[in-house]
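Input: a single structure, listed below in structure tokens.
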Amino acid sequence: MAEASATAFEWIGGEARVRELVDRFYDLMDLEPAYARLRAAHGNSLDSARDKLFWFLCGWLGGPDHYISRFGHPRLRARHLPFRIGIAERDEWLACMAQAMQETGVDPALHARLAESFAGTADWMRNV
């Protein structure tokens, strides 16, 4: 899709591409030593986190509000307060997502826009 797409959801390629991005993100978290701190914060299984991020990103990108229909308002910061999120955790999350976007072929212009938005949100999530 071209940059002129009505939503980032359409630009990225819909649900299948969002799922691909989320799956690569969590696969990288599980495989790459550089993301060990991030992986450790997620417990034994990544299945629930995969689904929740997929549902959230679909709506956040302008597609179906799967997350809201299941859980209500995302309340991102409140839901993440139990987890230690400092500069290192923020940076690992951003690096892992950037790598996932690159490896799944997210359009470079969309990648740049999303990276900027993710950075602002990730910094806002810091609690230490």
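Remarks
- When the residues of the range 20-36 are filtered to those that are of a type outside the set (Ser, Thr, Tyr) and surrounded by 16 or more Cβ atoms within 10 Å (Cβ to Cβ), the one that is nearest to His111 (Cα to Cα) is Leu21.
- Ile85 meets all of the listed conditions (1) more than 11 Å from the chain's Cα centre (by Cα); (2) within 18 Å of Trp11 (Cα to Cα); (3) crowded, with 18+ Cβ neighbours inside 10 Å but one, namely (2).
- Residue check for Ser45: outside any helix (DSSP H, G or I), over 15 Å from the mean Cα position of the chain (by Cα) and free of Cβ contacts under 8 Å to residues at least 40 places away in the same chain: yes
- Residues of the range 31-78 that turn out to be on the phi > 0 side of the Ramachandran plot and modelled with pLDDT of 95 or more, as a count: 1
Residue-wise test of (1) surrounded by fewer than 18 Cβ atoms within 10 Å (Cβ to Cβ); (2) hydroxyl-bearing (Ser, Thr, Tyr); (3) in contact with a His (Cβ under 6 Å, 6 or more places away or on another chain).
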residue: Arg39; (1), (2), (3): no, no, no
residue: His42; (1), (2), (3): yes, no, no
residue: Ser48; (1), (2), (3): yes, yes, no
residue: Asp51; (1), (2), (3): yes, no, no
residue: Trp60; (1), (2), (3): no, no, no
residue: Pro64; (1), (2), (3): yes, no, no
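- Test: Arg113 is out of contact with any Leu (no Cβ under 8 Å at 6 or more places or on another chain), surrounded by 19 or more Cβ atoms within 10 Å (Cβ to Cβ) and under 19 Å from Trp124 (Cα atoms): no
- Near pairs, Cβ below 7 angstrom, 6+ apart or cross-chain, from the range 12-30 (within 21 Å of Pro64 (Cα to Cα)) to any residue that is at pLDDT below 95: Gly13/Met1
- Scan of the range 79-125 for residues that are basic (Lys, Arg) and either touching a strand residue (DSSP E or B) at 6+ places or on another chain (Cβ under 8 Å) or at pLDDT 95 or above (or both), ordered by number: Arg90, Arg113
The values are calculated or read from the model by the stated rules, or taken from the named source; none is laboratory data. It should be emphasised that the depicted structure is a prediction, and the values quoted were computed from it without experimental measurement. Please note: Cβ atoms are built from the backbone with ideal geometry, for glycine as well, and neighbour counts cover all protein chains shown.
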